[in-house]
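Written out below as structure tokens is the structure these notes cover.
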Amino acid sequence: MSPSATPIHAAERLATRRLADALDLPAFETGWVWLAGAGPGDPGLVTLLGLHAIAEADVILYDALANEALLKLARPTAKLVFAGKRGGKASCRQNDISRTLVSLARRGARVLRLKGGDPFVFGRGGEEALTLARAGVPFRIVPGVTAGIGGLAYAGIPVTHRDTNHAVTFITGHGADGKLPALDWNAVAKGSPTLVFYMALAHADEIVTKLLEAGRDAREPAAIVSNATGEGQSVVVTTLENLGCDAKSSAAPAILVVGENVRLREGLDWLGALNEGRMLKADPLGREKLRDVS
Ligand code: SAH
């Protein structure tokens, strides 16, 4: 079932159009496809360009991870098409989606492909855009807040921090064949202090084994952030050696993170402070290295 766009939101669409005009955002022309990121869950994390696209599109093909609340701002006449996997149920074939984008655009529609997070981060946005390019269909990419950065921020974990990591690696736990990708795990383990995993719940045990074999410390802090930025966000702070076990009882979608920067959550869990009155530690790294900017 598609959520239907309601005329109730005409005023909001008008406001969005005014905002787009004021900021001189590009017009969504007919016959174009925009591939846009919806952000990781909180509808407030969509970009203005993304919102503009939602308000103007004639057809919106949206993924399971794109927050459906955003679709309320679509034109009442817009066709809303669910095109994604949900809970392991049959997914629309990738080729079908790409072909649909091409044929809709050729019929003169303004086509919005709305994806969770950022369309170019483990989201097959590149594949879809290449099909459009080959077919000669004009397209625009609208980046979004990716779960591995924005989701961690909502968990109070900065993806980089100069006291913990000068580099970060983003990894998918799910290769095209469904298996753990055949990476050089030695290089991955040594390459950067912070590792952020997408789609990794199912292979978490294997990931932990590879990282331990490559010399990462079993007691290193790690975290699992489920439903990040959404209403059901939950965070489990653990250690590398227990990450596989904790992954088994964690809900998808989830981001896994390994590295010292996880410790910063004790001082930066702003959402916990807001919702549960959590006390934030002044010096979570225990180094008295706080650089006071006041
Ligand atoms: N393009 C998306 C990623 C798509 S791959 C992005 O940039 O965020 C799907 C994976 O993203 C999920 O398996 C999970 O690892 C992660 N993910 C997406 N949304 C998430 C959320 N709200 N909370 C936690 N993980 C999320």
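Residue-level check: of (1) within 15 Å of the chain's Cα centre (by Cα); (2) surrounded by fewer than 19 Cβ atoms within 10 Å (Cβ to Cβ), Gly215 misses just (1). Of the residues making up the range 124-131, at least one is free of Cβ contacts under 8 Å to residues at least 60 places away in the same chain, more than 16 Å from Phe28 (Cβ to Cβ) and near the ligand (Cβ under 9 Å from one of its atoms).
What's the total number of residues in the range 218-236 that are buried (at least 18 other Cβ atoms within 10 Å of the Cβ) and within 17 Å of Gly259 (Cα to Cα)? Looking only at that region, the number is 8. Only residues that are in contact (Cβ under 8 Å) with a residue 24 or more places away in the chain and more than 16 Å from the ligand (Cβ to nearest atom) were counted across the range 210-240, and they come to 10.
Filtered by the rule that a residue be more than 16 Å from the ligand (Cβ to nearest atom) and within 15 Å of Arg75 (Cα to Cα), the range 107-123 gives Ala109, Arg110, Val111. No other residue among Leu201, Leu243, Leu195 is surrounded by 14 or more Cβ atoms within 10 Å (Cβ to Cβ) and within 11 Å of the ligand (Cβ to nearest atom) apart from Leu201.
Whenever a residue of the range 168-188 is closer than 21 Å to Gly259 by Cα, its partners that are of a type in the set (S, T, N, Q) and away from the ligand (no atom under 13 Å from the Cβ), lying with C-beta atoms within less than 6 angstrom and at least six residues away or across chains, give the pairs Val168/Thr160; Val168/Ser192; Val168/Thr194; Thr169/Ser192. Against the criterion of being within 13 Å of the ligand (Cβ to nearest atom) and either in contact with a strand residue (DSSP E or B) (Cβ under 9 Å, 6 or more places away or on another chain) or part of a loop (DSSP other than H, G, I, E, B) (or both), Gly156 does not qualify.
Figure legend. Inter-residue proximity from the range 133-159: first residues closer than 11 Å to Val262 by Cα, second residues within 9 Å of the ligand (Cβ to nearest atom) and assigned to a loop (DSSP other than H, G, I, E, B), beta-carbon distance below 8 Å, spacing 6+ or different chains. Indicated pairs: Leu152/Ala228; Ala155/Ala228; Ala155/Gln233.
Values quoted throughout were computed directly from the atomic coordinates according to the rules given, and no laboratory measurement underlies them. Note that the structure is predicted; figures quoted are calculated from it, not measured. Cβ atoms come from the backbone with ideal geometry, glycine included; neighbour counts cover every protein chain shown.
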